[in-house]
Structure formats: C-alpha cells, structure tokens
1. Could you check T30 against (1) surrounded by 17 or more Cβ atoms within 10 Å (Cβ to Cβ); (2) modelled with pLDDT of 95 or more and say which number it fails?
2. So V143 fits all but one of (1) assigned to a helix (DSSP H, G or I); (2) within 25 Å of L245 (Cα to Cα); what number is the exception?
3. Does the stretch 145-163 contain at least one residue that is without any contact (Cβ under 8 Å) to a residue 24 or more places away in the chain and more than 26 Å from F82 (Cα to Cα)?
4. Of the residues G275, G347, only one is assigned to a loop (DSSP other than H, G, I, E, B) and under 20 Å from E198 (Cα atoms); which?
5. Quick check: is even one residue across the stretch 277-284 surrounded by fewer than 22 Cβ atoms within 10 Å (Cβ to Cβ) and farther than 22 Å from G354 by Cα?
6. Mind checking which pairs have a first residue in the stretch 269-293 that is in the same structural domain as M324 (by TED's automatic domain parsing) and closer than 10 Å to L248 by Cα and a second that is of a type in the set (D, E) and buried (at least 24 other Cβ atoms within 10 Å of the Cβ), Cβ under 8 Å, 6 or more apart or different chains?
7. Residues being among the polar types (S, T, N, Q) and either more than 26 Å from L104 (Cβ to Cβ) or in a helix (DSSP H, G or I) (or both): count how many of those fall in the stretch 159-179.
8. Give me the residue from the stretch 302-344 that is under 18 Å from Y262 (Cβ atoms), outside any loop (DSSP other than H, G, I, E, B) and not acidic (D, E) and, out of that set, farthest from the chain's Cα centre (by Cα).
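The values are calculated or read from the model by the stated rules, or taken from the named source; none is laboratory data. Only a predicted model underlies this, so the values are computations on that prediction, with no experimental measurement involved. Positions of Cβ are generated from backbone atoms using ideal geometry, with glycine treated the same way; all protein chains shown enter the neighbour counts.
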Amino acid sequence: MTEPTIVHVPLPGRAYDIHIGTGLLDTAGTKLAAMFPGCRFGIVTDDMVAVAQLPRLLASLDAAGLSHAEIIVPAGESSKSFAMLERVVAGILDARLERGDIVLALGGGVIGDLAGFAASIARRGMEFVQLPTSLLAQVDSSVGGKTGINAPQGKNLVGAFHQPKLVLADLGALDTLSPRQFASGYAEVAKYGLIDDEDFFFWLEVNRREIFAGGPARGEAIARACAAKIRFVLEDEMETGVRALLNLGHTFGHALEKVTGYSDRLLHGEGVAIGMVLAHGFSAKLGLAPSQDTSRVIAHLEAAGLPTRLRDIPGELASTAALMDAIGQDKKVKRGALTFILTHGIGQAFVETGVDPKAVADYLDEMREV
C-alpha cells in the first residue's frame, strides 16, 4: 500500500483532509480511533455496498476496538427521500449515539447526501465522515458539504450545508463498480474540465483509457477533480455565486432524472452527461459558443460510454412541458426566472440569469429529433 494523496480543504474553523489511495477502508479504524478518541460510530450504507465494502470497514473498526452500529437502506436514488431520512435518524437515535459521536457515510453519492443530512439534524447536529465508494462520490458529492434528499417537486430540494470532518476515498472500492456506474461518475470528472480548465479536459482526452483501466491516472484525475471543486467551495461555500458553476449540465440533467422517476433508466452522471451536451448545444444555438466544441464534448463522453442525446434514454421520454415544469423547480431559479450554466466554449462556463423559457422549450423540442 502506497501513501495516500492528501488534498486539504482549508475552510476556516472547519478544515478537513481528503485522503485518496488504496486500502483506506482497511485502515480506517486506526485513523478514526486517532482522530475521534472515545467516540462511537454509526455506519450508514446501502444493501449493495453492505455486501461489497462493509465487511472491510467492520473488520477495521473491530481491530481498532471501536464501537459501531449499522443502518442499511435500499440502494438507489429513491433512498434520498423523507422516508429513508426518517429511518436513518431513527437508527442513529435507536443506537443511542450521542451528539459527540460520529456518523460514517459508506457508499456513493446517495448515501453521502442522505447520511450527511441526517447527521446535520440528528441531535441538532452531529459530525460525520465521508467514505465514498463510487467515482461520482469521490470526485464530487463527498466534497464540499452539500447534503440533502429529493422531494416530489424535484432533486436535492431539501438539505443543508454540513461539512464532513474527513474524507477517505479508497481507490480499491472503485474496482467493484459496474462499467456503467464508473462511466456515470466519470461525467462529473469531465465536468471540471468543461467548467474552467480546458487543459484538464485535454488531459482527460489523452488519459481516459488509463483512468478507466485503473492506472495511475485514475488517482491523479480524482485528486485534480477534488482540488478543482475545493476552489469553488472556498470562494462560495453556500452557493450564492460562483459555486453554481459546478452545476454545469445539472439543470437539464436533474429535470431528466425527475421525469424518469429517479430510476435506473437514467443514472445521475448519465443525466449530467446529456445535460452538459445540451448546455453546450444551447449555448451554440444562442451564438455564445462554437458548435465544434459541442461535437468535441459529445465525442469524449461517448468514448467514455455515456449517453449524450435525449434519444439515448431508454423508454418513452416525458413531454417537453413536463421537462420545463421540472426545470422550473431547479434550485437556481430566482423570482421565477430561469438560471442556466452556459458556456462560451470548453473551459469557459458562466452563469446566465433570466433565460427565456420559450427558447429552452424550443431547443428541447429540437433535440428530441437529433
């Protein structure tokens, strides 16, 4: 086992480290015992990760003599719900975990968001640690303190900003992901290049095969993605300004997730991939960006095994009116006006307010035929 890469998050008064390396779940007990002496631990995970990764973590905690309780929810986006939030909070309380104890989020983005939100409200606020086991969680959702659940009205509409005390990103956990799940997470990696770092996007074009194969470029890509996100978090922790750029592709993507029922028809990263293509294409249609950049984005995401068009979504797609209704519930809507992350080209994303809903609807109608 080599020494992990450590990316520091220097938030004033709430700084923490992201450890990226192999075998980190196997040594987590030693690390947690040193950081949180005398604490008990509540592990929140899903029924798939409980099979693939939980035994490693439990063995590590037991070896370090740490007391723990497990709270297991069904795998999938549907667990980001009020019902599952209630189950997790009840599990924390039933285990008699105290306010000074630690919640461990073992899993992908769904678990990190759900467990983090539960920690933010249980006993009026408990600390938590992220143990992300998916690529998407390691490069995005475990970093920056966004936690929450979905509501019937839309995705991530209920939640809190609650920073973790530590992130342990075990690269070995990624070896258990299906190709589809890994590709879904890769969409969030590519996003960081598309926002404001064309050099990183070019590096991904060159190194994509090694990243997917598990070579050294994989760890480097994750570290670079985390560092990119941290820049935005430090400047705008509560997402009142520039941090909104991290939502490139998400306004379209979240709407697509909603109309497909937050199901396996469309994984989060797949929705983001289509959304990023739509954002680039819409920008080009408005005369803001060169159309060849959209083609370049499509080529890269398709090479990574990701969907890029509305027709790539299996089953019958909801109406444009339904999509527009979902877009109208986006968190970036201000006084009823649509806000989108658009782009002047690869690495040149910007926040555009007051976007004409008819122009968006017309564009979506057009994209149905592509």
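1. Going through (1) surrounded by 17 or more Cβ atoms within 10 Å (Cβ to Cβ); (2) modelled with pLDDT of 95 or more one by one, T30 breaks only (1).
2. So the condition that V143 fails would be (1).
3. Looking through the stretch 145-163, none of the residues is without any contact (Cβ under 8 Å) to a residue 24 or more places away in the chain and more than 26 Å from F82 (Cα to Cα).
4. Working: G275 fails: assigned to a loop (DSSP other than H, G, I, E, B).
Going through G275, G347 in turn, the sole match is G347.
5. First pass over the stretch 277-284, keeping only residues surrounded by fewer than 22 Cβ atoms within 10 Å (Cβ to Cβ): 284.
Now narrow it down to the ones that are farther than 22 Å from G354 by Cα: none.
No: the stretch 277-284 contains no residue that is surrounded by fewer than 22 Cβ atoms within 10 Å (Cβ to Cβ) and farther than 22 Å from G354 by Cα.
6. V272/E188
7. Step one: list which residues in the stretch 159-179 are among the polar types (S, T, N, Q), which gives 163, 176, 178.
Then drop every residue that is not either more than 26 Å from L104 (Cβ to Cβ) or in a helix (DSSP H, G or I) (or both), which leaves 176.
Residues in the stretch 159-179 being among the polar types (S, T, N, Q) and either more than 26 Å from L104 (Cβ to Cβ) or in a helix (DSSP H, G or I) (or both): 1 in total.
8. Among residues in the stretch 302-344 that are under 18 Å from Y262 (Cβ atoms), outside any loop (DSSP other than H, G, I, E, B) and not acidic (D, E), the one farthest from the chain's Cα centre (by Cα) is A322.
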